[in-house]
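The values are calculated or read from the model by the stated rules, or taken from the named source; none is laboratory data. Note that the structure is a prediction, hence the values are computed from the model and not measured. In this analysis, Cβ positions are derived from the backbone assuming ideal geometry, glycine residues included, and neighbour counts consider all displayed protein chains. Note: areas computed on protein heavy atoms with side chains; ligands, DNA, RNA excluded. Shrake-Rupley method; radii C 1.70, N 1.55, O 1.52, S 1.80 Å.
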Amino acid sequence: MQIQLAENYGFCFGVKRAIKIAEDNKNSSTYGPLIHNSKEIARLEDDFQVGLTDSHKVFKAGDKAIVRTHGIQKQELEELKNNNVNVVDATCPYVTKPQEIAQNMSEAGYSVVIFGDEAHPEIKGVKSYATNGALVVTSSKELQDIKLKEKIALIAQTTRKVEDYMEVANYLIPRYKEVRVFNTICNATFENQEAVLNLSKKADVMLVIGGKNSSNTKQLFSISKDNCADSYHIEDEKDLDFSWFKNKKLCGISAGASTPDWIIQNVIDTIESKID
Ligand code: F3S
């Protein structure tokens with residue numbers, strides 16, 4: 001069986017940047033997981049003594065707090081700074097951008113609509129910047145019974161599919177006087193999505209490697225599954241089931257934006273050691 005990697009996969013610019021920041025700030029802690037990959041977080045803890053806390057309240061004056069890639073809520077950031085915590089910001093610049101848009105458009109009197117997952121840390125953060133509040137939706141259906149202001153600013157979670165975002169924009173545009181649609185979808189996600197689409201069309205079996213809580217890995221898996229019925233979302237080589245590869249000629253591999261290369265390589269090595 002042949003193994004082929006997607007043309008683009010794995011770590012994106014924002015994650016590489018955040019890991020470098022963490023490695024450069026030994027003996028500190030991140031508030032919330034730096035990235036959505038528990039194994040890489042364990043490596044940072046073991047090799048660089050970068051800890052993890054689930055509350056910003058544990059930091060005291062003089063402590064070093066790394067703000068994770070997905071960003072945190074505005075009020076929490078302000079609290080850390082007011083408490084003289086040494087804040088090291090590893091928020092991806094592609095996440096800082098929608099935060100700024102949410103703040104500016106909210107202050108300018110627009111209804112801010114965010115297309116994304118309300119429970120995701122990125123969206124909790126972006127929403128907190130909309131001074132006058134924001135509505136978070138996952139499809140246009142959720143907008144049907146809601147009356148918004150005449151001026152709307154539409155923002156997407158960085159990892160959303162363009163087609164789904166357009167569906168929400170298409171609903172709003174004919175119904176409101178002014179709809180400003182900001183393309184806040186991250187290119188890294190888009191490139192990985194396009195590559196998994198192309199590969200899953202020709203592969204007999206597809207593996208999408210990434211954390212089970214990683215939103216962009218789930219998106220890649222959903223695209224893969226649409227084109228290749230034998231698609232599997234795995235976190236690492238331990239999730240492999242070798243019966244998947246029986247009578248298969250081409251195994252395609254993609255990985256989420258927070259999956260390190262060493263995990264991908266472990267998967268490939270494990271398959272190659274068991275399958276001809
Ligand atoms: Fe940033 Fe895009 Fe990665 S938003 S963290 S570069 S997927």
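Odds and ends about this structure:
- Residue-level analysis places N25 among those that are touching a residue at least 60 places away in the same chain (Cβ under 8 Å) and outside the structural domain of A203 (by TED's automatic domain parsing).
Residues checked against (1) out of contact with any helix residue (DSSP H, G or I) (no Cβ under 8 Å at 6 or more places or on another chain); (2) modelled with pLDDT of 95 or more:
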position	(1), (2)
H56	no, no
A90	no, yes
E100	no, yes
E107	yes, yes
E150	yes, no
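Yes/no per residue for (1) under 13 Å from the mean Cα position of the chain (by Cα); (2) outside the structural domain of K218 (by TED's automatic domain parsing); (3) part of a helix (DSSP H, G or I):
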residue: N104; (1), (2), (3): no, yes, yes
residue: A119; (1), (2), (3): yes, yes, no
residue: E122; (1), (2), (3): yes, yes, yes
residue: K127; (1), (2), (3): no, yes, yes
residue: K141; (1), (2), (3): no, yes, yes
residue: D145; (1), (2), (3): no, yes, no
residue: L154; (1), (2), (3): no, yes, no
residue: V168; (1), (2), (3): no, yes, yes
residue: P174; (1), (2), (3): no, yes, yes
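- Subset tally (residues that are open to solvent by 30 Å² or more (accessible area, probe 1.4 Å), free of Cβ contacts under 8 Å to residues at least 40 places away in the same chain and within 16 Å of the ligand (Cβ to nearest atom)) for the stretch 90-116: 2
- Residue count for the stretch 117-154 under the criterion of being surrounded by 14 or more Cβ atoms within 10 Å (Cβ to Cβ) and basic (K, R): the result is 4.
- Selection status of D204, at pLDDT 95 or above, in contact with a strand residue (DSSP E or B) (Cβ under 8 Å, 6 or more places away or on another chain), open to solvent by 10 Å² or more (accessible area, probe 1.4 Å) and not aliphatic (A, V, I, L, M): yes
- Exactly one residue out of A65, A18 is within 16 Å of the ligand (Cβ to nearest atom) and either closer than 24 Å to Y94 by Cα or surrounded by fewer than 19 Cβ atoms within 10 Å (Cβ to Cβ) (or both): that is A18.
- Pairs are defined by a Cβ separation below 8 Å, a sequence spacing of at least 6 or placement on different chains, a first member in the stretch 225-243 that is of a type in the set (A, V, I, L, M, F, W, C), and a second member that is open to solvent by 70 Å² or more (accessible area, probe 1.4 Å); the pairs so defined are C228/K201; F242/K274.
- Single residue of the stretch 40-95 satisfying the filter (hydrophobic (A, V, I, L, M, F, W, C) and part of a loop (DSSP other than H, G, I, E, B)) that is nearest to K20 (Cα to Cα): A90
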